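The values are calculated or read from the model by the stated rules, or taken from the named source; none is laboratory data. Owing to the predicted nature of the structure, the values given are computational and were not obtained by experimental measurement. Neighbour counts run over all protein chains shown; Cβ positions are idealised from the backbone, glycine included.
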Amino acid sequence: MDDPELTVDRIAVGGKALGLDADGRATFVSDAVPTERVRVRLTKVAKRWAEGHVVEVMLPSPDRVVPPCPHASGQPRCGGCDWQHVATAAQRGLRVAIVEDALRRIGKLDTAAIDIRSGPVLGAHNYRTGVRMLVDGDGHLAYRQPRSHAPYRPASCLVVHPLIDEIIQTARFPHATEAQVRVGALTGDRMAEVTPSVGSPVVPNDLAVIGRDELGRRSVAVREIVEGVSLRISAGTFFQSSQTGASALVAAVRGALAGTDRDGLLIDAYAGGGLFSATVGVEWTDAGGELIAVESNPLAAADASVNAPSASVVNQRIDEWRPVKATAVIADPARAGLGASAVDRLVATTAPTIVLASCDAGSLGRDARLLAEKGYVADSARVLDLFNQTSHVEVVTRFRRAL
Ligand SMILES: C[S@@+](CC[C@H](N)C(=O)[O-])C[C@H]1O[C@@H](n2cnc3c(N)ncnc32)[C@H](O)[C@@H]1O
């Protein structure tokens, strides 16, 4: 198969640039930046579309940069970040374009009527305070190589917090296949959750290590501070990928709830360890309102009870939860999004405002469509750079009940 030359003119959901080949086939190209003329090694060709990656840049975009991370170029290379070759400021615009595209094409919404904007500028280096990595055959933490399952062990990682970088550089987890490392940026706490079991790790003295097989029987936690609130995050509990990102997300959710009466009932759906309940949610209970946090994972629900003592924590799946009348809902589902049955439960609260935090543009599009079909109109979306140097988006979208 020849390597065709083509011009990519826009970004697609998923972070690849999109152009038409000589036969009019939509071609999704990784490692490319919109407006570039590139030569593409095709890896999949279907009748109407194809997929590939850049082998030569004929005409570079002004937004193309030399990757700041030495592990993001050369062969073999690290596949941990897919946008190291894009200037950080330009990444913001591309993420907004991805979200606009998802709301318009998948959500079928009139995006001209939605205020879609980037959130605050967040750091692009040393920001990650939580990371899930492979463990290679020698027990070292590793990412994957691009478009491959093969491990790549970076000597150091540019996007993680220095307290995690030290673990990448020095720790060994023999016999493990995967490890999730989390640190408290403002406390210095560190922990690692190792799959399948702890084994005999070689780690810094202060690193608390727990095996995935021990979750629920033994507990290990770090503390992180967001808006001055100290949060317990146990191994097994979800937490945002960075402290700065968690703070920006809380601020965006608060912004989306501006003007909502604090004396009613707020539902924090998919509450995790209670990030929103312990910060924005407290504004409801302080004002004489009520706060219900719904979370399916018992470890996270236990953290939410500790972190947000004024919330009534319900340890249940949203799609099994019995809805109650509410004045506002925050929903922050996992990557798959809400889906129809959770949308039904949230809509049954009759809340005038639903604030949806999405970490996947495709599922945002699908959920936005489901909510629109139930009479909820999106009026604002804040696109947050929680995953700088990658095409991943985090979006806070506000929906108002129209009827
Ligand atoms: C993206 S996390 C958000 C957590 C929290 N809002 C935060 O920002 O830290 C999604 C959470 O939803 C929980 N979850 C997944 N499926 C659920 C369901 N069907 N019902 C309720 N919670 C669910 C997960 O355990 C996880 O804690």
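Failed condition for Thr237, given (1) in contact with an Asp or Glu (Cβ under 8 Å, 6 or more places away or on another chain); (2) more than 8 Å from the ligand (Cβ to nearest atom), with all others met?
Looking at each condition in turn, Thr237 falls short on (2).
Please give the number of the condition Val377 fails out of (1) closer than 24 Å to Ile292 by Cβ; (2) surrounded by fewer than 20 Cβ atoms within 10 Å (Cβ to Cβ).
Going through the list (1) closer than 24 Å to Ile292 by Cβ; (2) surrounded by fewer than 20 Cβ atoms within 10 Å (Cβ to Cβ), Val377 breaks only (1).
Might you let me know whether segment 199-207 holds any residue that is in a strand (DSSP E or B) and aliphatic (A, V, I, L, M)?
Yes, segment 199-207 contains at least one residue that is in a strand (DSSP E or B) and aliphatic (A, V, I, L, M).
Which of the strands (runs of 3 or more DSSP E) found entirely inside segment 1-113 contain at least 1 residues meeting this: among the basic types (Lys, Arg), closer than 27 Å to Ser358 by Cβ and in contact (Cβ under 8 Å) with a residue 24 or more places away in the chain?
Counting at least 1 such residues, we get 5-11.
If you scan segment 137-149, which residues turn out to be within 15 Å of Gly79 (Cα to Cα) and in a loop (DSSP other than H, G, I, E, B)?
Result: Gln145, Pro146, Arg147, Ser148, His149.
Would you be able to tell me the number of residues in segment 159-173 that are over 20 Å from Val220 (Cα atoms) and touching a Gly at 6+ places or on another chain (Cβ under 8 Å)?
Here the count works out to 1.
Only one of Gly245, Gly236, Gly259 is touching a helix residue (DSSP H, G or I) at 6+ places or on another chain (Cβ under 6 Å) and either of a type outside the set (A, V, I, L, M, F, W, C) or not assigned by TED's automatic domain parsing to the domain that holds Val329 (or both); which?
Going through Gly245, Gly236, Gly259 in turn, the sole match is Gly236.
Which pairs do you get when a residue that is on the phi > 0 side of the Ramachandran plot, found in segment 349-368, comes within reach of a residue that is in a helix (DSSP H, G or I), reach meaning Cβ atoms under 7 angstrom, with the pair 6+ apart or on two chains?
Cβ pairs passing all conditions: none.
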